[in-house]
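Just so it is clear, none of the values below were taken in a lab; they were calculated from the coordinates. Every value quoted in this text rests on a predicted model; they were computed, and no experiment measured them. Cβ coordinates were reconstructed from backbone atoms using ideal geometry, including for glycine residues, and neighbour counts include every protein chain displayed.
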Amino acid sequence: MLVFKTILNTKKQRRKYNGNKCGLIPTMGSLHKGHLSLIEKALKKDDDIWVSIFINPTQFNCEKDLKKYPKNFDEDLKKIKSISNKINVFLPTESEIYPKKIESSKFNMNNLNNIFEGTHRPGHFEGVLTVVSKLFKIINPNNAYFGEKDFQQLFIIKNWQKYKSIPVNIIASPTIREKNGLAMSSRNCLLSKSIRNEAGFIFKSLSECKKICSNGNEIKQKLLEDFNKHMAFKLNYVACIDTNSFLEINEFKKFKESRLLISASVEGVRLIDNIALNN
Ligand code: PAF
């Protein structure tokens, strides 16, 4: 496993294996089984595999959230090495990625940046696209791997790639869950043990909604009732969307593909999750 801290050396290394199929797994570190499943997927498809670890400041709309974001670089490297020795890691500093000013570029996201997560985290998706576009330019991958947990992020990245004809395949992978159903996230380690256990109710509720509710209004009603039984948890939003347009819908059964999105906060940590409704 080789670790590169500069753009110059990363590009040099990439040039050596230019003919090979390159896969990139962009991460902010504190790797969990969700990230590792993306690496495993890349190992099956690509020859030159890169994991980037960079806690991207521009996607945090709140300084406090950025400061407390978990950092476990040594552990991360060990985890990557335990999967395969042939993976390259790009571990840049902030000034390497943002040499002049730590700021986002402008993107037209057709208003997708102003709904759901975007309403609660202004500037978040601009920051994500800024860093992803930088990483794509540096590594120049054929395939880039993202988890379905951040469903809106995935949709925005896919749309941007399509609209700008960026020659990278965006490959999505299902959410990996803890034993109690909680979607794996680097932020889960910020939760107390009892709340982390209790948080398993969220996915249980989503699964029940899928089973018993026939439209979005019924889903909202059920989730409000479920959240009332877990007073520490604040429901930020819940929405059924048409997966193709990302527009909110009520009669989800009339759509070919739809998703239920949810966001909640507990102990100062945002949790997001989603479930496919039509399969
Ligand atoms: O999903 C994440 O961890 C981040 O948003 C990403 C895609 C690595 C960009 O910083």
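Among 152, 125, 202, flag the residue with its Cα farthest along the positive direction of the charge dipole of segment 109-223, charges on Cβ as +1 for Lys/Arg and -1 for Asp/Glu. Of 152, 125, 202, it is 202. Compute the projected area of the convex hull of the Cα atoms of the chain, averaged over all viewing directions, and report it in nm² to one decimal place. Across all orientations, the chain yields a mean hull projection of 14.6 nm².
The relative contact order of segment 178-279 comes to 23 percent, based on Cα pairs under 8 Å that sit 6 or more residues apart. When the label point is put 7 Å from the Cα of residue 68 along its Cα-to-beta-carbon vector, which residues of segment 255-279 have a backbone N closer than 13 Å? Backbone N within reach: 265-271. Summary: within the chain, the longest segment free of trypsin sites (Lys or Arg not before Pro) located in DSSP loops with at most 15 other C-beta atoms within 10 Å is 107-163.
Taking a span of 20 Å or more along the helix axis (Cα atoms) and a mean Kyte-Doolittle hydropathy of at least 0.5 as the rule, the DSSP H helices of the chain that qualify are 124-139.
Rounded to the nearest 500, the helix-only mean residue ellipticity at 222 nm of the chain stands at -11500 deg cm²/dmol, with each DSSP H run of n ≥ 4 adding -39,500 (n - 2.57). Projecting label points 7 angstrom from Cα along Cα→Cβ for residue 106 and residue 84 puts them 4.1 nm apart. Take the Kirkwood radius over Cα pairs of segment 60-127, plug it into Stokes-Einstein at 25 °C and 0.890 mPa s, and you get 164 µm²/s for translational diffusion.
For the residue pairs 67/101; 71/106; 81/193, the alpha carbons lie more than 26 Å apart in 71/106; 81/193.
Provide 157, 39 in ascending order of the number of other Cβ atoms located within 10 Å of each residue's Cβ, fewest first.
Final ranking by Cβ density, sparse to dense: 39, 157.
Computed about the Cα centre, the dipole magnitude for segment 14-164 is approximately 380 debye when only Lys and Arg (+1) and Asp and Glu (-1) carry charge, each at its Cβ.
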